[in-house]
Every structure is written in structure tokens, then in C-alpha cells.
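A.B. asks: Handing you this structure, nothing more for now.
Laboratory data are not the source of any read-out in this text; all were calculated from the coordinates shown. Quantities reported herein were computed from a predicted structural model and do not represent experimental measurements. Here Cβ is always computed from backbone atoms with ideal geometry, including for glycine, and neighbour counts include all displayed protein chains.
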Amino acid sequence: MPNLAVIPGDGIGPEVVAEALKVLDAVEHAFRPGIRIERFPYGADHYLATGVTLPAEQMRRLGTDFDAILVGALGDPRVPRNEHARDILLGMRFQLDLYVNERPARLFDERLTPLKGKRVDDIDLVIFRENTEGLYVSVGGTFKEGTADEITIAEELNTRRGVERIVRYAFEWARAHEKRHVTMADKANAIPAHALWRRVFEQVGSEYAEVQRETRYVDAMAMDLVRTPEQFQVIVTGNLFGDILSDLASILVGGLGLAPSANRHPGRVAMFEPVHGSAPPLAGKDVANPMAAILSLGMMLDTLGHGSAAATIERATRSAIEEGMTTPDLGGNKGTRAVGDWIAERVRRV
Ligand SMILES: NC(=O)c1ccc[n+]([C@@H]2O[C@H](COP(=O)([O-])OP(=O)(O)OC[C@H]3O[C@@H](n4cnc5c(N)ncnc54)[C@H](O)[C@@H]3O)[C@@H](O)[C@H]2O)c1
């Protein structure tokens, strides 16, 4: 029986996770995957009450005792510099070495894109963001903080091994999903260290003769994602650029409320979470869109070998959009719970 760890987290995290778990309950009814759930309390409230972010022993258990982790969101204005979120979220990515951050962006309904004249088939891409290196490694520091002479340095870390494994993952994924085109985004014209990405992309890509490869500077790529999203199928890039491009891609298909993601390392526990954050102003108001969390659950089920349950969740979500069963961010007037109930009911009736 698969073991699932659930970390609802902060802000709207617990609300959207509650809806995802409602849908999982419906999946249990319809498909019987027999998933055992264990909830973890880690987040801002727990940190403020106990000073504990995510204990080392529990981090170890997440890596050894579970098949999947479902996370809501982490981030709370009461916590200085969001240190708990860094510890928990980046802690899981780094310590469990989940080097692949997979962020798909698919247009479910033409009405959801802000782009003029784009059809459903025009936007169907996936971003593979390197998840364990880059500018997120906290190498650097601040000197003379708060003075006129303040100096702050953040180093960008790129290792041959780290670049190669994410680039290879993107090409393998393209091959397995019959995609013919992989694009890499970097800034090699201004950041000489990015030549490493170009060399590795060329070397690894040459092993996949059936897949075309193309390199882009990230600034031009951002522009073209808006102008001609149909030219992109699979994008591979570093940690920071992937973070930014995936928010941009999400708005092309309806926004953060619809953007799911997976954090992976083949053969190890995988972590699934909506791309969005804890959206503090929306918390507790029953207005947050639960679809990103529900679609993240779908990615999890697919990973655990329950592809038909995942496909059913996606179909139910598409139907909810078609029938206007949506929260205000997608133009509807339904609440978080009503959308979750509707999708769960659809799944249950399969
Ligand atoms: N993976 C994560 O846990 C994660 C990701 C990003 C930000 N954060 C944290 O979340 C907090 C808020 O950050 P932010 O405001 O930059 O990003 P955010 O994703 O929380 O919100 C950005 C915008 O999108 C909207 N939005 C987000 N999720 C939505 C949903 N499900 N339904 C409807 N609208 C939604 C918000 O209202 C806001 O306008 C910060 O503490 C930040 O550090 C966490």
C-alpha cells in the first residue's frame, strides 16, 4: 500500500489540501488505490509555537517511509524572512535531492488564456526546472548589514552532474512522451558560467536524435512564451529561471490557481504541490482555487501507477471549468469547498 505524507502548511495551503484529500477520498471509492495517509503539522503556526521547522528525524522518515508527499504551501508574514518555509520546502528539495521540478502548463479552455487568438492546442508545455542548485543554495552572505556600505553576495552554483541529470531527465521525458522539441533557457551571453549548460545540453541532446534541441536566452524566451507559446513543448532550465518562467507559463493557461507541480528524483519519494504560494490575503475566505492542488494530486496518482484515476481527475477538472464551477480567479463565483465537492463527486461517480 502506498504511503502518503501530507503537509498542508500555511495560508490557503490547508484549504486547498483539504479539497485535494476530498478528491483522494473519491478516488479511493472509485479506484481503490489503498493509499495510507499521515499528516504532518509543520508550518508557520507550529514553528511560532515550538520553534521547530521540520525535525531531522521526520525529514529522514519522509525520505524512507513514504512514496509521496503532498504539500499545500508555505509562507507566513508573521515569520521573519520566512525561515520556516525555507527550512521545510527547500529542505525537502535539497535534502531529499528532488532535483526535478516538473511544472506543466496546458490550456484546458480557450477562455482561460489572456492571449488573443490562442486555441487549446496552442499551449501545452512542460517546464523542467533544476531544483537543487543555482541561486537557491544560500552560498554567500551579507556584510555591514544596514549600513551605507552594505555588501550582499549570492553565488549561483552549477555542477556538471547537476546540470547533466536535469537535462537528461528532460530529454528522457520528451522521448517517453513522444515530444519532438526540447528548448533550454539560459543567459550564457551575460553569464559565462552558463556555457556549462550549453555544452551539456549539446552533448546529452545529441544522444536523442529524434528530439530537436534549441537554446534560448531566457529574456527572449520570456517574450516568445507570450508571443508564440505553440513553439514550446519541453523546456529545461536552471532554478531561478524555471521559477520565473513557470509563473509566466501558468498565467497563459489560467493562472497559479491551476498550476500543479512535482518534485522528483527517480526511484525516491516524490513531492507534489501547487505552484502557488500561501496567498495570505485569500486565507480563510473560501475563495482560493483548489484545482492546482487537485491536479497535483493527479500527478501523484499517475506517478504511483494510477493513471486512470489521474485522467479522471483531469477530466473532472476540465468539466468543472467548462460548466463554470470555478473560483473567482477563473471568473466564477464558487467557493473553494464547492469546487472541491463538485470535482470529488464527479470522480466518485466514475
Ligand atoms: N511553494 C510554496 O509554498 C510557495 C510558492 C510561492 C510563494 N510562497 C510563499 O507564499 C507567500 C505569498 O507569496 P506570493 O503572494 O508571492 O505568491 P502566491 O502564489 O501566494 O500569490 C500570488 C498571487 O496569486 C494569487 N493566488 C495564488 N494562489 C491562488 C489560488 N489557489 N487561487 C486563487 N488565487 C491564487 C494570489 O492571490 C496572489 O494574487 C509568501 O510567503 C511566499 O514566500 C510559497
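A.B. asks: In a shell of Cβ-Cβ distance under 10 Å around Leu256, excluding Leu256 itself, what net charge do Lys and Arg (+1) and Asp and Glu (-1) give? Before the final figure, lay out each step's value.
C.D. replies: Values: positive: none; negative: Asp247, Asp329.
It works out to a net charge of -2.
A.B. asks: What residues have an amide H closer than 5 Å to that of Leu74, excluding those fewer than 5 places away on the same chain, when H is modeled at 1.01 Å from N in the peptide plane?
C.D. replies: It is Asp10, Ser278, by chain and number.
A.B. asks: Under a 5 Å amide H to amide H cut-off, with H placed in plane at 1.01 Å, what residues pair with Val236 once short-range neighbours are removed?
C.D. replies: Amide H neighbours of Val236: Phe128, Thr183, Met184, Ala185.
A.B. asks: Return, ordered by residue number, the residues of the range 217-257 whose backbone nitrogen is under 15 Å from a label point located 7 Å along Cα→Cβ of Arg198.
C.D. replies: The answer is 217-220, whose backbone nitrogens lie closer than 15 Å to the label point.
A.B. asks: Of all DSSP beta bridges in the chain, what percent run antiparallel (nearest 5)? Could you put the intermediate results ahead of the total?
C.D. replies: On the way: 19 of 45 bridges.
Of all bridge pairs located within the chain, approximately 40 percent are antiparallel.
A.B. asks: Would you mind working out the magnitude of the charge dipole of the chain relative to its Cα centre, with +1 at each Lys and Arg C-beta and -1 at each Asp and Glu C-beta, to the nearest 20 Debye?
C.D. replies: Numbers: 41 positive and 49 negative charges, 107 e Å.
So the dipole magnitude of the chain works out to roughly 520 debye.
A.B. asks: Taking θ as phi - 60°, what are the ³J(HN,Hα) couplings along the range 336-345 by the Karplus curve (6.51, -1.76, 1.60), each to the nearest whole Hz, with x for Gly and Pro?
C.D. replies: 3J(HN,Hα) across the range 336-345, in whole Hz: 3, 5, 5, 5, x, 4, 5, 5, 4, 5.
A.B. asks: Sequence gap at least 6, Cα distance under 8 Å: using those rules, report the relative contact order of the range 96-188 to the nearest whole percent.
C.D. replies: On the way: 102 pairs, mean separation 21.8, N = 93.
In percent, rounded to a whole number, it is 23.
A.B. asks: Amide H to amide H, which residues 5 or more places from Val6 or on other chains are under 5 Å from it, using H placed in the peptide plane?
C.D. replies: When sequence neighbours closer than 5 places are left aside, the close amide H contacts are Glu38, Arg39, Phe40, Leu70.
A.B. asks: Okay, moving on. Order by neighbour count: Asp243, Asp121, Asp109, fewest other Cβ atoms within 10 Å first, most last. Provide the component values of the computation, followed by the final result.
C.D. replies: Values: Asp243 19, Asp121 10, Asp109 15.
Going from least to most buried by this count: Asp121, Asp109, Asp243.
A.B. asks: Taking the Cβ of Arg165 as the center, what net charge do the other residues with Cβ under 12 Å away carry, scoring Lys and Arg +1 and Asp and Glu -1?
C.D. replies: Values: positive: Arg160, Arg161, Arg168, Arg264; negative: Asp97, Glu130, Glu133, Glu164, Glu172.
Combined, the nearby Lys, Arg, Asp and Glu give -1.
A.B. asks: Straight-line reach from Lys144: which lysines have a Cα under 26 Å away, not including same-chain ones fewer than 8 places off?
C.D. replies: none
A.B. asks: Say we join alpha carbon atoms closer than 10 Å with springs in a Gaussian network model of the chain; which of Val163, Val52, Val17 then has the biggest fluctuation?
C.D. replies: The residue that fluctuates most here is Val52.
A.B. asks: If you don't mind, there's one more thing I want to ask. Evaluate the relative contact order of the chain (contact order divided by residue number), counting alpha-carbon pairs under 8 angstrom at least 6 apart; express in whole percent.
C.D. replies: In percent, rounded to a whole number, it is 24.
A.B. asks: I would also like to ask the following. Please check: in the Gaussian network model of the chain (C-alpha springs, under 10 Å), which one of Ala283, Ala73, Ala220 has the largest mean-square fluctuation.
C.D. replies: Of the options given, Ala220 has the highest mean-square fluctuation.
A.B. asks: Oh, and also: State the three equivalent ellipsoid semi-axes of the chain, derived from the C-alpha gyration tensor as the square roots of 5 times its eigenvalues, in descending order and whole Å. Working shown, then result.
C.D. replies: Numbers: eigenvalues 178, 138, 84 Å².
Calculated on Cα positions only, the semi-axes equal 30, 26, 21 Å.
A.B. asks: Next up: Once each part is reduced to its C-alpha centroid, what is the distance from the range 61-104 to the range 145-209 in angstrom?
C.D. replies: If you average the Cα positions of each part, the centres end up 22 Å apart.
A.B. asks: Report the relative contact order of the range 237-350, percent, no decimals, based on alpha-carbon pairs under 8 angstrom and at least 6 residues apart. Walk me through the numbers on the way to the answer.
C.D. replies: Working: 143 pairs, mean separation 24.3, N = 114.
Value for the range 237-350: 21 percent.
A.B. asks: Please order Met325, Met92, Met184 by the number of other Cβ within 10 Å, starting at the fewest.
C.D. replies: Ascending Cβ contact count within 10 Å gives the list Met325, Met92, Met184.
A.B. asks: Ordered by residue, what ³J(HN,Hα) values in Hz, to whole numbers, does the range 57-62 give under the Karplus form 6.51 cos²θ - 1.76 cosθ + 1.60, where θ = phi - 60° and Gly and Pro are x?
C.D. replies: 5, 6, 4, 4, 4, 4
A.B. asks: What ³J(HN,Hα) values, in whole Hz, does the Karplus curve 6.51 cos²θ - 1.76 cosθ + 1.60 give for the range 159-165 when θ = phi - 60°, with x put for Gly and Pro?
C.D. replies: Once rounded to whole Hz, the list reads 10, 4, 4, x, 5, 5, 5.
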